[in-house]
Structures are given as structure tokens and as C-alpha cells.
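The values are calculated or read from the model by the stated rules, or taken from the named source; none is laboratory data. Computed from a predicted structure; not experimentally measured. Cβ coordinates were reconstructed from backbone atoms using ideal geometry, including for glycine residues, and neighbour counts include every protein chain displayed.
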């Protein structure tokens, strides 16, 4: 990332504690703009290297208030209804300014806070219940003016299920994971019961491109990513037409001056991610999202304080098991998951190692950062069984939501204690 872009991002980060911008709010149109007019307005406003000047903080964490005013100023408004979830106490969020300065009404939800006077409801939001919550609180379907999704860990999957439920906000803001490069297209595994705040690492949400790819299936166009690299903004084709607005390449040139965002939060080395590939229709009812491809990502430390992610190579036999029926059988049978996964034969793990490393043999395998020899065949098979469990558990979307992380943390920890090695298979 070039120095100017780094300076821009760091300035945005330090501005979080700055006083609110109390200048007069712009007047928003009281009707929807014609799609071509809205399109031209958005391109003039955001497809440039000075787009960050549109950011304005009134009640938002960063500059989201100004961005939404600019977006809605271009596409106009219809019902002036919003939805936002993950708002905490509702004082610092992206929709408060819409409500207080622009006469919007709507629904806010948070897992720990309730404020009935502004229709903020206390609800736990997951991919499997979000559509039902929208029905419970009578969210307009299909369209309304704006939605913000900021749930840290599972933002991607909850946003996906809102859209698969038939809802189409005209303007959409989502939290992104800026640790991943513009070209990376990955999302975390959907783990409804896991909370990112308890970890604070870089394993959360999804990359900008993952959102661009997924949201394209529902008719959304990327229009802006904020200067701090925390949020991406989209508009629906019903507001601007079918032709895409700003490509990933154009966004990188305009929003980070050809570079990348610097790293944020703690380590997330060797976690399992879902690859969000082009060419799939994520809106199709028959798409089983638990069957999307999974990759274990490692990273190196790049220049200018950024992480460079890569897909970790997995032994061929374990890779083949990603599409095997073992996951389905474990999920369908009334057998404890830990017991079922533990039945993977150690001999199979040994065969994998012999196939991958025939010249060296089991007795010469190394593990850990120090490269110390393992004592014998049994320890090697245990190590590869843990590695296999990492792949297996994250490949099985049904299992990982409840058991994967806890099981594998415990298994890897026990192995590290027994062997005194620095295994870094972390989930």
C-alpha cells in the first residue's frame, strides 16, 4: 500500500474519537431518482480518489453518516424505512442520523439492548432466524430504503439469508474484513454460537470481494468502501439499473490508491474460510451454502503493515475427504460428533503421510516451528488426525456451527501438551 493511502486510513482510524460534525444535514430527495440519473450521480460522487471527502460523522462510528446521505441523495428515498442490527445501545450507529435528521423510521436489533421508544428490539440474530425476525417485526418486503449489517463474526451469512428471504433494501451497508486483499474472496465459516468480541482476532466477516460476488446474485452493485476499510456500501439495480457501477479494480484504485488496507486486530493464522467463487447464483433456492468450498488460509506479513493470505496445501487424501459422505453420516446419525470424528482410522492418516512423503517415511517427519523429530509413528498419526479433523470439521457446515471449534481447540491443545510441539492448526 502506498504511503498516502496508509496515511489516509490511519487518519480515519484516529478520527473515531473526533467530535461529531454538527453542520447542517443535506436535504434528501423525497422520491426515488430515475435510475440513469442516480447512476450518474453515484459515479460522480464516489468513483474518484477524493470520494472519502463525502464521509461525515454525526452519530456513526466513522464517516458512515455522510456516505449514506450521499448515496440516498443520489438514488432518492421512498418509504424512509431502515433496518440495522448489531447497534449496541443505539447511540453510535448508522441509522440514528437518518432517524433524527431525515425523518426515517425503522427497526434496530441488538443481542443485549432494547429501546422500545425507537423500535430497538433485543434479539439474537443468526443466519437461521433472521428472516423470521424480519417477519416478526413487519419489515417491508421486498423493498425499503436502507439496511446496515454489522455482526462481526457472521455478517456475511446473516446478510445472505436476509436476501434469500426475499428482502431487497435499495441501499445496503455491510461490515467488511479489511485484512483480506481486494482480490481475496473468502468468508468465515458460519458459526452462529461464536462471538468475535471474545477473541478480537482477524477471523471475522468476509472480504469486500466476497460480498461483491455474493450480492451480485441479488442485483447489488458496489459503490464505495470507506477510508478506514470497515464498511462497504451497495445499491440495488432497481435504483440504478443493471449495469455494474464500480469494479473491484476501480475500487482499489479509487479508495486505496492502488494499494491495500493495513492489517487490523490479532492473529488468525491457519483458520478455515469459505471460498466465495464467481459463477454461482447465491440467490438460488437450491444452493446449499454448507457445501461451498472450504480453504485453510495462512498468511505472510507483507509491506506496509498488511497480511498477504494464501491457501494452505492439504494432503491429497484429506482433500478428497472434503467431498466424502463422512460429514453427512456424522450429522445424520444420533452419535456424538466428537465420537464420530474420532473414528477416522489412524491407519488412514498414516497412509496419507506415506503417499505424500514416500522418500522420508514416518520416522523422519517433522512438526512445529522448531522442526524437532517426532518420537514415533503414533505421534505422527495423531498429528495428522488433528489436521484431518480441522479440515473435516470446517468442511461440514452442519457440524461446525455447534461443535467444530470447541472440539478442535481441545484436540490440538491436548496434542501440543503431549508432544510439546508448536502446532499452529488453529480454528
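Just give me the residues in the stretch 296-333 being at pLDDT 55 or above and part of a loop (DSSP other than H, G, I, E, B), in sequence order.
303, 304, 305, 312, 313, 314, 315, 322
Residue 106 versus (1) part of a strand (DSSP E or B); (2) closer than 17 Å to residue 233 by Cα: which is the lone unmet condition?
Among (1) part of a strand (DSSP E or B); (2) closer than 17 Å to residue 233 by Cα, the lone unmet condition for residue 106 is (2).
Looking at residue 106, is it at pLDDT below 95 and under 27 Å from residue 154 (Cα atoms)?
no
If you check 259, 241, which single one turns out to be more than 11 Å from the chain's Cα centre (by Cα) and more than 23 Å from residue 38 (Cα to Cα)?
259
Going residue by residue through the stretch 21-43, is there one that turns out to be surrounded by fewer than 21 Cβ atoms within 10 Å (Cβ to Cβ) and modelled with pLDDT under 65?
Looking through the stretch 21-43, at least one residue is surrounded by fewer than 21 Cβ atoms within 10 Å (Cβ to Cβ) and modelled with pLDDT under 65.
For residues that are closer than 25 Å to residue 259 by Cβ and surrounded by 20 or more Cβ atoms within 10 Å (Cβ to Cβ), scanning just the stretch 269-278, find the one that is modelled with the highest pLDDT.
Across the stretch 269-278, the extreme among qualifying residues is 276.
Do we find that residue 289 is modelled with pLDDT of 50 or more and farther than 30 Å from residue 50 by Cβ in this structure?
In short, yes.
What's the total number of residues in the stretch 114-141 that are surrounded by fewer than 19 Cβ atoms within 10 Å (Cβ to Cβ), within 24 Å of the chain's Cα centre (by Cα) and within 26 Å of residue 67 (Cα to Cα)?
1
Within 21 Å of residue 43 (Cβ to Cβ) and either touching a residue at least 40 places away in the same chain (Cβ under 8 Å) or crowded, with 24+ Cβ neighbours inside 10 Å (or both) - does that describe any residue in the stretch 189-204?
Scanning the stretch 189-204, I find no residue that is within 21 Å of residue 43 (Cβ to Cβ) and either touching a residue at least 40 places away in the same chain (Cβ under 8 Å) or crowded, with 24+ Cβ neighbours inside 10 Å (or both), so the answer is no.
How many residues does the stretch 32-61 hold that are closer than 21 Å to residue 251 by Cα and assigned to a loop (DSSP other than H, G, I, E, B)?
6
Tell me, please, whether a residue that is touching a strand residue (DSSP E or B) at 6+ places or on another chain (Cβ under 9 Å), assigned to a loop (DSSP other than H, G, I, E, B) and surrounded by fewer than 18 Cβ atoms within 10 Å (Cβ to Cβ) can be found in the stretch 279-291.
Looking for residues that are touching a strand residue (DSSP E or B) at 6+ places or on another chain (Cβ under 9 Å), assigned to a loop (DSSP other than H, G, I, E, B) and surrounded by fewer than 18 Cβ atoms within 10 Å (Cβ to Cβ), one finds none in the stretch 279-291, hence no.
Check the stretch 265-274 and report whether any residue there is in contact with a strand residue (DSSP E or B) (Cβ under 7 Å, 6 or more places away or on another chain), closer than 22 Å to residue 301 by Cα and part of a helix (DSSP H, G or I).
no
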